Amino acid sequence: MEYFKRKFRPRDSYDQFDDSTRDNYKSKFDLMRLSAVVCGIEFCYAAETAFVSPILLQLGLPVVLMTLTWCLPPLIGFFLVPILGSLSDKCQTRIGRRRPFILLYSTGILIGLLLVANGQTMGYWFGDSKNIIFNSTELINQTNHINYRISIPFSSR
């Protein structure tokens, strides 16, 4: 019984704070830095959401495959993140364990964004013809336009 009295005794207000936790307080500058990082990440996600779908549709990706395009990155991340985390835990370099992976991932993201944004131009460089893409896109647009006009013949337009 004496054990429980010692273990669950009421504490003084000074006892609630251990000296080791007093150094963990963040200054306003540190909090602003952390918020800026989160803001940057959210800005990148917003830009991806706004720009990637129209670019892929313009390149000729069928609308049916657009859901697959948005589904694959989280699935790949679900399986690769633990593997890459384990590799970074085992990494021993001069610049640290995480920094080489951060540099490689950042470089990969930049290259990927450049490839997506300039994919049509690079396709022409590698031999894709402009006529095939534009003709197929125009055919799809004409078909949709005709179906729209037929399905709503008495519209107010």
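Observations
- For Ser88, net neighbour charge (Lys/Arg +1, Asp/Glu -1) across residues whose Cβ lies under 13 Å away: +3
- Compactness of the range 72-117 as Cα Rg over 2.2 N^0.38 Å, two decimals: 1.31
- Listed peptides 55-68, 29-42 by packing density, highest first (mean Cβ within 10 Å): 55-68, 29-42
- Estimated distance in nm for a label pair at Leu68 and Ile41, the labels positioned 7 Å out from Cα along Cα-to-Cβ: 3.0 nm
- Residues Tyr25 and Glu48, FRET efficiency given R0 of 35 Å [Cβ-Cβ distance, rounded to 0.05]: 0.50
- FRET E, pair Gln120, Phe79, Förster distance 30 Å, beta-carbon r, rounded to 0.05: 0.45
- Charge tally in the Cβ shell below 12 Å around Ala36, where Lys, Arg are +1 and Asp, Glu are -1, Ala36 excluded: -1
Values quoted throughout were computed directly from the atomic coordinates according to the rules given, and no laboratory measurement underlies them. Remember, it's a predicted structure, so these values are computed and weren't measured experimentally. Don't worry about glycine lacking a Cβ; one is built from the backbone with ideal geometry, like all the others, and counts go over all protein chains shown.
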